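Below: the structure, in structure tokens.
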Amino acid sequence: MLKDISHKTVATIATVAALTVALAATVCAADDTNGNPVQAQIDHGKSTYASKCSHCHGPNMMNSGTITPDLRAFPDDKTRFVTTVKNGKNNKMPPWADILSDDEITDLWAFVSSRRKP
């Protein structure tokens, strides 16, 4: 009987340990207490930016000599950013609402806001 209890105890401890590791991984993937985007969002945003945005806005979020603004100076205004990306701007920037998902736009915001000039 002692062996049965020991095996059950070991199994329970192993299960709790596995769940603890899974929970820790989930917490690490979530936003921190300040609401800052996680690195995974920034990385996805960087990839989306490179494939969809850099040809006009430049590889470093600025493209001198064009009509595109320096995105490093974009205000800390996610609503404005999302609206501009989805709807376009002044018939110069095309709308991307039918091309990019809400998650991709959120990831783009994470990338752009992470590169903002102080």
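Results, tabulated for the structure shown:
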| item | result |
| --- | --- |
| Ranked Val82, Val112, criterion: other C-beta atoms within 10 Å, fewest first | Val82, Val112 |
| Point-to-point label distance, Arg115-Ile99, nm (Cα→Cβ direction, 7 Å offset) | 1.6 |
| Rounded FRET efficiency, nearest 0.05, which uses the C-beta distance separating Thr83 from Val38 and R0 of 22 Å | 0.40 |
| Asp76-Lys52 pseudo-label distance in nm [points 7 Å out on the Cα-to-Cβ vector] | 2.5 |
| Burial ordering of Thr106, Thr66, fewest other beta-carbon atoms within 10 Å first | Thr66, Thr106 |
| Entries of Lys52/Lys89; Lys52/Lys86; Lys92/Lys117 with Cα pairs more than 18 Å apart | Lys92/Lys117 |
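We did not get these values from a lab; they are worked out from the coordinates using the rules stated. Please read these numbers as outputs of a predicted model, since none were measured by experiment. Quick reminder, even Gly has a Cβ in these numbers, built from the backbone with ideal geometry, and neighbours come from all protein chains shown.
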